[in-house]
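First up is the structure itself, then whatever we jot down about it.
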């Protein structure tokens, strides 16, 4: 029997307010803004949930084709129309519904049968049960005996509030994938809902395939429960350890840009993206709504945003959940989406409504892609999205200690926090768990029953087993041109000049051309490709663009693979999503403003560090930064554009995953870029100038020098090899190198008897001890370059104390004098 889950006769707290029906509805059907703080009626009911009696001859999801738009008993007192009705009766569709689609989109989605509804509800209840069990239990997973305090974890960690909503979405995506044989991944924006994603992975079997010791039975369920947020176990958030995930659940704001990055150049992939209403308040998320202006319906896949409005963050209401419906629709339509609304807290009604909404969205996506791919449509489409309103902590305790929990901010983390010590909390927890009727969901051995698994897709179609979510499995070697083709001729050091990044741009043009058919390389940047002298790439690929194009515009291309948007957050998110699904790329940015993504790259480095310990995660292409327009060449912009500290931030992170390079000229830049673009599982930061600069090394010399990471430039110094130098001039960075070489020339002229050694450092991590960084030098190597006791004057591109920090354990550190940028413009 399906329908609202049975609440226990006693023990789970007072009865909830009257249930709200669910509906799918189009935008623009809000009769009037509702009050912000309406007054409850004397009987405790709420004005927003007042309902009128249903029509005696129609189901709640039918309407009178000749009557007013809406069905009786809509949620929160609104009279709205189900999308199936609107598809059948064209006169009922809003004139502002967006770009017309083909006739296929006007077909009503098939209604769920009672059997399908029962199967979906069984899966959802099972996932909810497993999510609660992970937060609370370390024994007695099937409740085969009365719950006792020793069955409960001593410390309760995790987030319940978002989990039932994520379980609902996962359950219905399973149905959609299975029925339509879709290639789909999902980005779980509310990544703190780790219990939900882990529960679904365990139910579908992908978790056991990844971790065979967590079997799909009672013993495996017990292990799944105990390991969650437990010493030696798994994180409470969606993480690299989670099968099917490409999105770290710690920091909010990046779900949608990751989703679009995954969809780029994946024409057969559907990327569902759950966006929490808390995350929707972040700046990065707000900017990433514009990603649909760059999504090519011909060569790219589709993104289906699912905005989950459960109403609350940790302790506050969310902005979007408190907007009047019409205002929210105006916002989302302004972003270029056609929202479908699903609202309610009655499980059966919500199941039917969400199934219809997903079917409608899938039909519209298919129609958009057919129109572009078969009919040559070029008008920017209005992509569908879903707005899902369900209570925070749905199906959890209605009240705890006399305070409302379900549907409030109190459901965010652990609703019952004192289960071991408070008998009433223990009783409520047991009642809560038993309300899901686990005996109907799992057999006596803890194996999920057939009804629970009936709607699951199979094999690689499962969300936890899709190879796109383990992108290294799909990664191909990047076809790199021979360096000699783009090398600049250097007959004598300093005799010629080039713009290093312009030379690199010609190499990137070849990479773009070589990947034109396979489409697995992208260049991203915040409107700086030409400014950073990389415009040669436009000969191979224009700039992705689906919005209006004017005659004055240059290089805009509906199928382009150069991505430019003036949001470093969005650029970073696109590229991360692209790399994590098995492709290659480069992020070009002004040095001073790459700090905008400091915390984003921090999360990505944590991801890479963790995946190195997971044997099942295949290596992915490195995240490569080209930082230019740097601190020493700001004649035009000045002090505001000077900040070389991104490398300090990077070098604070996991040594096994970070690399920082300062190529001093064009050929060394080519060598470093070639290495970085071929590498795996690193964050590579390349700092190089774009202004004309001297050429110091031939291509062969540059390759050798970059492979060593640091070396003596014999031609620049005055030592004859008969003794140690009197002084060492070190340098890292193109302008500091020029300064050091000028100083060496002055010393040669003014103090010819002085033995001067010039050491250039390309790989700045070479300054560190070998025990601190894989690229670090042993003391023997370091002393061989800088000596153990001679004065060293080091000209550094960035903040001088970084060099002191990296080298403070070295012999002769007291003789090390670093000159660099000191925040004086």
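For the reader, a short list of remarks on this structure follows.
Conditions (1) under 21 Å from the mean Cα position of the chain (by Cα); (2) more than 20 Å from residue 109 (Cβ to Cβ), marked per residue:
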position	(1), (2)
305	yes, no
326	no, yes
356	no, no
359	no, no
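- Exactly one residue out of 594, 647 is crowded, with 24+ Cβ neighbours inside 10 Å and within 30 Å of residue 490 (Cα to Cα), and it is 647.
- Each residue in the range 719-740 was checked for being over 22 Å from residue 765 (Cα atoms) and modelled with pLDDT of 95 or more, and 3 pass.
- Answer residue from the range 620-649, given it is closer than 18 Å to residue 775 by Cβ and at pLDDT 95 or above and is nearest to the chain's Cα centre (by Cα) among those: 623
- Meeting the requirement of 1 or more residues that are at pLDDT 95 or above and surrounded by fewer than 18 Cβ atoms within 10 Å (Cβ to Cβ), the helices (runs of 4 or more DSSP H) wholly within the range 142-251 are 163-180, 206-210, 218-227.
- Verdict on residue 423 being surrounded by fewer than 17 Cβ atoms within 10 Å (Cβ to Cβ), modelled with pLDDT of 95 or more, out of contact with any strand residue (DSSP E or B) (no Cβ under 6 Å at 6 or more places or on another chain) and farther than 18 Å from residue 581 by Cα: yes
- Qualifying strands (runs of 3 or more DSSP E) (wholly inside the range 663-765; at least 2 residues being free of Cβ contacts under 8 Å to residues at least 60 places away in the same chain and over 23 Å from residue 499 (Cα atoms)): 756-761
Residues are listed down the side, and each one gets a yes or a no for (1) crowded, with 18+ Cβ neighbours inside 10 Å; (2) over 43 Å from the mean Cα position of the chain (by Cα); (3) under 25 Å from residue 704 (Cβ atoms):
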| position | (1), (2), (3) |
| --- | --- |
| 738 | yes, no, yes |
| 769 | no, no, yes |
| 774 | no, no, yes |
| 811 | no, yes, no |
| 817 | no, no, no |
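- Single match in 171, 162 (criterion: in the same structural domain as residue 285 (by TED's automatic domain parsing), over 21 Å from the mean Cα position of the chain (by Cα) and touching a residue at least 40 places away in the same chain (Cβ under 8 Å)): 171
- When we screen 372, 348, 367, 361 for residues that are in the same structural domain as residue 311 (by TED's automatic domain parsing), part of a helix (DSSP H, G or I), modelled with pLDDT of 95 or more and under 27 Å from residue 411 (Cβ atoms), the only hit is 348.
- Against the list (1) farther than 21 Å from residue 672 by Cα; (2) in contact (Cβ under 8 Å) with a residue 12 or more places away in the chain, the condition residue 814 fails is (2).
- Taken residue by residue, the range 567-578 has at least one member that is in contact with a helix residue (DSSP H, G or I) (Cβ under 8 Å, 6 or more places away or on another chain), in a loop (DSSP other than H, G, I, E, B) and modelled with pLDDT of 95 or more.
- Qualifying residue in the range 534-544 (condition: outside any strand (DSSP E or B), touching a strand residue (DSSP E or B) at 6+ places or on another chain (Cβ under 8 Å) and surrounded by fewer than 22 Cβ atoms within 10 Å (Cβ to Cβ)): yes
The values are calculated or read from the model by the stated rules, or taken from the named source; none is laboratory data. As the structure is a prediction and not an experimental result, all values here were calculated from the model. Note: ideal-geometry Cβ built from the backbone for every residue, glycine included; neighbour counts use all protein chains shown.
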